[in-house]
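Read the structure below first, then the notes.
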Amino acid sequence: MDFPNPSAERGFRKGAGGRSLANMNPLARLPRAAQGLAYAILAGLILTSMNAVMRVLTHSMDVYQAQFLRYFMGLVVMLPLIMRDGIVAYRPHGMAGQAWRGLVHTAGLSLWFTSLPHIPMADLTALSFTTPIFIMLGAVVFLKEKAVWQRWVAAAIGFAGVIVVVAPRMSGEGGIYNFIMLGSAPLFAASFLITKALTKRDSPQVIVVWQSITVSIFSLPLALPGWVWPDAAQWGMVLVCGLMGSLGHFCMTRSFSLADISAAQPLKFLDLIWAAGWGLLVFSEVPSQTTLLGALIIFTATTWIARSEARRARNTKDP
């Protein structure tokens, strides 16, 4: 699938207030496609590292409180930019899309955070590889895109990989959490499809700011029942997560504006390396052979369909 968002690219290059960021960005000297790949790698590394910190945090804090604080602090770390550029610069072109995106994303996050303390880092990342498959299916169902046979084959292969990952753990105490985590994937896919539409009219800064605002609002009622005031160390961790989350989403959106999604897709497998590394260093987790095999199957399916979609899009544009 193609992800055109030239307005998002222009907004990022100039900044929300119209100032160029090129002189402050060392990646700007690279060719356009290389910049997109570099941003994709950075996004994966930053967000996977944030997930490791969040998992540590959810072992000592209510998961829904952690969810709320992660996005609230994401907004806090962006306040200096908002104050510098003015609130008007962050006014979206239509609130309905931002609100729907926030609601759907919050629903996915609630499932994701419910499972986070119970699933190894490598399994978490392997299951997240299914999101592109749900994006593809969602584009067929909701955007009425053509249901070509390659999409259905990729979906079948991808879900076979899911079974390889989750089946060995279903007899264990935390097996149900694999399915809860998997349930977050179609919701994140829906959020992504909404984002795809939003990037045609709003810059990455506006989208990320309103994501933090709407998710914070929708997450607060979930956080209040189990609220315990964080200690200094926990405040530091949620502040770090807020910073990393906002930076990671900026890099992700920037990558989509610079490189074809099919070119960046193979780099997603690096996320499994980052996750396995953090799992080993922080949680003493060694990825199982079934996790690695299932991740490889899912990854192969999503990479194949991404490249197939890119070729189809190019052939459609050719006279």
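The values are calculated or read from the model by the stated rules, or taken from the named source; none is laboratory data. Note that the coordinates shown come from a computational prediction; the quantities given were computed from them, not determined experimentally. For neighbour counting, all protein chains shown are included, and Cβ atoms are generated from backbone atoms with ideal geometry for every residue, glycine included.
Listed by first and then second residue, the pairs linking a residue in the stretch 123-139 that is in contact (Cβ under 8 Å) with a residue 60 or more places away in the chain to a residue that is surrounded by fewer than 24 Cβ atoms within 10 Å (Cβ to Cβ) and in a loop (DSSP other than H, G, I, E, B), with Cβ atoms under 7 Å apart and 6 or more places separating them unless they lie on different chains, are 136/1; 139/1; 139/145. When 55, 70 are checked against the criterion of being closer than 20 Å to residue 282 by Cβ, touching a Pro at 6+ places or on another chain (Cβ under 8 Å) and either part of a helix (DSSP H, G or I) or among the small types (Gly, Ala, Ser) (or both), a single residue qualifies: 55. Suppose the filter is touching a Cys at 6+ places or on another chain (Cβ under 7 Å), of a type in the set (Ser, Thr, Tyr) and either in a helix (DSSP H, G or I) or under 30 Å from residue 201 (Cβ atoms) (or both); does residue 39 pass it? Considered against the rule, which asks whether it is touching a Cys at 6+ places or on another chain (Cβ under 7 Å), of a type in the set (Ser, Thr, Tyr) and either in a helix (DSSP H, G or I) or under 30 Å from residue 201 (Cβ atoms) (or both), residue 39 comes out as yes. Taking residue 99 as the residue in question, decide whether it is farther than 23 Å from residue 225 by Cβ, assigned to a helix (DSSP H, G or I) and of a type in the set (Gly, Ala, Ser). Yes; evaluated as a whole, the condition is true for this residue. Just one of the listed residues (132, 117) is more than 23 Å from residue 207 (Cα to Cα), in a helix (DSSP H, G or I) and touching a helix residue (DSSP H, G or I) at 6+ places or on another chain (Cβ under 7 Å), and it is 117.
With respect to (1) touching a residue at least 60 places away in the same chain (Cβ under 8 Å); (2) surrounded by fewer than 23 Cβ atoms within 10 Å (Cβ to Cβ); (3) part of a loop (DSSP other than H, G, I, E, B), the lone exception for residue 222 is condition (3).
Here residue 107 passes the criteria (1) closer than 19 Å to residue 180 by Cβ; (2) surrounded by 19 or more Cβ atoms within 10 Å (Cβ to Cβ); (3) among the hydrophobic types (A, V, I, L, M, F, W, C) except the one numbered (2). For the stretch 195-207, residues that are of a type in the set (A, V, I, L, M) and surrounded by 22 or more Cβ atoms within 10 Å (Cβ to Cβ) total 2.
So that you can scan it fast, the table gives a plain yes or no per residue for (1) among the charged types (D, E, K, R); (2) in contact with a helix residue (DSSP H, G or I) (Cβ under 9 Å, 6 or more places away or on another chain); (3) more than 13 Å from residue 249 (Cα to Cα):
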position: 50; (1), (2), (3): no, yes, no
position: 58; (1), (2), (3): no, yes, yes
position: 65; (1), (2), (3): no, yes, yes
position: 96; (1), (2), (3): no, no, yes
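Residues in the stretch 295-315 that are within 22 Å of residue 51 (Cα to Cα) and modelled with pLDDT of 85 or more: 296 alone. Being surrounded by fewer than 17 Cβ atoms within 10 Å (Cβ to Cβ) and modelled with pLDDT of 90 or more is the filter here; which residues of the stretch 225-273 pass it? Within the stretch 225-273, 225, 226, 227, 228, 229, 231, 232, 233, 235, 236, 239 meet the criteria. Restricting the search to the stretch 40-53, which residues are modelled with pLDDT of 90 or more and β-branched (Val, Ile, Thr)? 46, 48, 53, listed by residue number. Number of residues in the stretch 73-91 that are over 21 Å from the mean Cα position of the chain (by Cα) and either modelled with pLDDT of 90 or more or assigned to a helix (DSSP H, G or I) (or both): the value is 11.
Of the listed requirements (1) modelled with pLDDT under 80; (2) of a type outside the set (A, V, I, L, M, F, W, C); (3) surrounded by 20 or more Cβ atoms within 10 Å (Cβ to Cβ), residue 291 misses just one: (1).
Filtering the stretch 120-140 down to residues that are out of contact with any Leu (no Cβ under 8 Å at 6 or more places or on another chain) and under 16 Å from residue 177 (Cα atoms), which residue is surrounded by the fewest Cβ atoms within 10 Å (Cβ to Cβ)? It comes out as 120. For residue 276, the conditions (1) within 25 Å of residue 52 (Cα to Cα); (2) buried (at least 22 other Cβ atoms within 10 Å of the Cβ); (3) modelled with pLDDT under 85 all hold with the exception of (3).
Which residue out of 63, 56 is surrounded by fewer than 21 Cβ atoms within 10 Å (Cβ to Cβ), at pLDDT 85 or above and of a type in the set (Val, Ile, Thr)? Residue meeting the stated conditions: 56.
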